[in-house]
Amino acid sequence: YMNVNFWSAEGNAGTFKVYEGIDFASLMSAVGGVGEYANLKKIRLIREKPDENGQMVYFIDLIPFLKNGDRSNFPKIKPNDTIVFTKTWSGFLIEDLQTLQTLLTAFTFIIQLGTIIN
């Protein structure tokens, strides 16, 4: 077994112990999949140490895999790799709108409370 780090903007982050030789699709299943607003086109895989090509960072696009099962752009998973998912712009926008809605609801409540007291 080996440790793989998973960073996600949506909660299921952490270090996971997975079997050596795991492929990227199986790794995603082991960590519970991706979040609702995850950017599936630009996932970063960061190595602990440069691999035999001297490369430290890989970019993975999950769209070809989801459309037709193409795993050709999946790099081999190595011990202590870190997988980083970021949010899409729509995810940021939706979350910001939800926060704004919560703030407006609280503001409206305070105004109503002030009206009742006076």
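Points worth noting:
- Test: residue in the stretch 50-64 that is small (Gly, Ala, Ser), at pLDDT 85 or above and open to solvent by less than 40 Å² (accessible area, probe 1.4 Å): no
- Filtering the stretch 1-48 to residues that are at pLDDT 90 or above and in a loop (DSSP other than H, G, I, E, B) leaves TYR1, TYR19, GLU20, GLY21, ILE22, ASP23, ARG47, GLU48.
- Pick from the stretch 73-103, criterion modelled with pLDDT of 80 or more and open to solvent by 100 Å² or more (accessible area, probe 1.4 Å), ranking: nearest to GLY33 (Cα to Cα): LYS76
The values are calculated or read from the model by the stated rules, or taken from the named source; none is laboratory data. Everything numeric here is computed off the predicted structure, so don't read it as measured data. Please note that ligands, DNA and RNA were not included when accessible areas were found on the heavy atoms of the full protein model with its side chains. Shrake-Rupley method; radii C 1.70, N 1.55, O 1.52, S 1.80 Å.
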